[in-house]
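Structure record follows, encoded as structure tokens.
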């Protein structure tokens, strides 16, 4: 955290929100939780749902992709006693202020605030305390730090908060560890006995899937000719003398010795070098692993990153209720359904990558942007996931931001953007740029400096993209001049 960060002020505000919740609990108030549809949003909602269930409160959870006018109108019509926004809300303060939505609004978010906090609203947002919400605390962490103040027994929910932070890729630090306020979550997870922290290879399905499948399912980082290609992964392992089976049982990454893990890493480096890709992407394959020790070995909910990927798949494919059920503890039907959702989700992402590889004309290059034009190919709910995969793939140069754009259901355009570290250091702020430019095109946008999104209602997005590109260039020029 920066030297100006006000950690104590943040935690004091968390206590204020917890006090308000306790007061409403004593009064028997009803709660409505509105949360975002990604892994962080579902983790946040599950934390708050668990906290309210343990307090025997009346509550409803609703998951949304955007906080549209019709959603706000519906909330205003039904008027819950307490409305909790998690992982959404801070970017819609002006819209919230124009309505009497509930007796009290509580916002637990980590996106930069846009507007002024309404009178009947308490907001907990790290940016108000000069804490970077893109890297150092996610909405799940914000929701958790309030929940643990409501009841100390909620400390075990720190595991879900870690899942949310990993889902928002806040592990892009040295050794892929969580830092900043996220460290409070890890400390609570370890002290409560719900989390174990180790250093290991970071592959998707490290405890649950055969080695070749875990390698094929890994998309962060994206491994060309391996991600999504089980046949190539089988060949890589066999040709490098890594045994696939122990008797009749397929081995998992957790079964490998340290020597075998090093052999696997060297094999991946050799593969990437042989096809002309930078091998330094494999540095993201080694790092800190967060294990949820209360979960069954071999379960998709045991590894923090795999759990977050499961929740993300549920939310992005229109199955948030499955993800919430898993987050609230269903380890039977919901978990089985979630595993099926994940399998289809991974296939969809692999299909997108194959399409893009075979359709170079779909990539539009501007001065500061790579734009993937997926109007006829990419589902609107998948733009964020696909832009994240592309940002880690390394096959588009790291001197441009990446935008994945597709046609929205209302006829406009939905897009998600990711910025590389190089551009962030040059002053690029995607959230601020999209917020400003989208408004000029009958839309809305926002998010973090590194990851953001927008929805614009235009027939042709080219003028919007051109102005966005110019805005990013202007940001870099202004930063260089300061």
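The values are calculated or read from the model by the stated rules, or taken from the named source; none is laboratory data. Remember, it's a predicted structure, so these values are computed and weren't measured experimentally. Backbone-built Cβ (ideal geometry, glycine too); neighbour counts: all protein chains shown.
Structure values in brief
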quantity: Residue 279, sole failed condition from (1) within 25 Å of residue 420 (Cβ to Cβ); (2) without any contact (Cβ under 8 Å) to a residue 40 or more places away in the chain; (3) out of contact with any helix residue (DSSP H, G or I) (no Cβ under 6 Å at 6 or more places or on another chain); calculated: (3)
quantity: Residues satisfying the stated conditions in region 436-458, i.e. surrounded by fewer than 20 Cβ atoms within 10 Å (Cβ to Cβ) and on the phi < 0 side of the Ramachandran plot; calculated: 436, 439, 440, 457, 458
quantity: Residue under evaluation residue 183, criteria (1) within 24 Å of residue 145 (Cβ to Cβ); (2) in a helix (DSSP H, G or I); (3) in contact (Cβ under 8 Å) with a residue 24 or more places away in the chain, criterion not met; calculated: (3)
quantity: Among the candidates 318, 329, residue that is outside any helix (DSSP H, G or I), in the same structural domain as residue 219 (by TED's automatic domain parsing) and modelled with pLDDT of 95 or more; calculated: 329
quantity: Residues (under 16 Å from residue 163 (Cα atoms) and either surrounded by 15 or more Cβ atoms within 10 Å (Cβ to Cβ) or within 19 Å of the chain's Cα centre (by Cα) (or both)) located in region 326-339; calculated: 326, 327, 328, 335, 338
quantity: Where residue 336 falls short, out of the listed (1) within 28 Å of residue 139 (Cβ to Cβ); (2) out of contact with any helix residue (DSSP H, G or I) (no Cβ under 9 Å at 6 or more places or on another chain); (3) in the same structural domain as residue 469 (by TED's automatic domain parsing); calculated: (3)
quantity: Members of region 314-325 that are surrounded by 24 or more Cβ atoms within 10 Å (Cβ to Cβ) and without any contact (Cβ under 8 Å) to a residue 60 or more places away in the chain; calculated: 322
quantity: Any hit, region 120-127, residues being crowded, with 23+ Cβ neighbours inside 10 Å, in a helix (DSSP H, G or I) and modelled with pLDDT of 95 or more; calculated: yes
quantity: Segments classed as helices (runs of 4 or more DSSP H), wholly inside region 355-445, with at least 2 members that are more than 20 Å from the chain's Cα centre (by Cα); calculated: 421-425, 430-439
quantity: Output for region 105-122, where each listed residue is closer than 19 Å to residue 29 by Cα, in contact (Cβ under 8 Å) with a residue 40 or more places away in the chain and more than 18 Å from the chain's Cα centre (by Cα); calculated: 106, 122
quantity: Within region 189-231, tally of residues that are within 27 Å of residue 274 (Cα to Cα) and touching a strand residue (DSSP E or B) at 6+ places or on another chain (Cβ under 7 Å); calculated: 5
quantity: Subset of region 81-98 (residues that are at pLDDT 95 or above and surrounded by fewer than 22 Cβ atoms within 10 Å (Cβ to Cβ)); calculated: 81
quantity: Yes/no for residue 45 being part of a helix (DSSP H, G or I), crowded, with 23+ Cβ neighbours inside 10 Å and assigned by TED's automatic domain parsing to the domain that holds residue 122; calculated: yes
quantity: Qualifying residue in region 134-149 (condition: within 18 Å of the chain's Cα centre (by Cα), under 28 Å from residue 103 (Cβ atoms) and not in a helix (DSSP H, G or I)); calculated: yes
quantity: Residue match in region 214-227 (condition: more than 21 Å from the chain's Cα centre (by Cα), part of a loop (DSSP other than H, G, I, E, B) and closer than 16 Å to residue 303 by Cα); calculated: no
quantity: Region 128-141 - residue that is in contact with a helix residue (DSSP H, G or I) (Cβ under 7 Å, 6 or more places away or on another chain) and under 17 Å from residue 43 (Cα atoms) and, of those, surrounded by the fewest Cβ atoms within 10 Å (Cβ to Cβ); calculated: 136
quantity: Residue match in region 151-161 (condition: in contact (Cβ under 8 Å) with a residue 12 or more places away in the chain, surrounded by 24 or more Cβ atoms within 10 Å (Cβ to Cβ) and more than 20 Å from residue 292 (Cβ to Cβ)); calculated: no
quantity: Qualifying position, being farther than 16 Å from residue 172 by Cβ and at pLDDT 90 or above, among 467, 409; calculated: 467
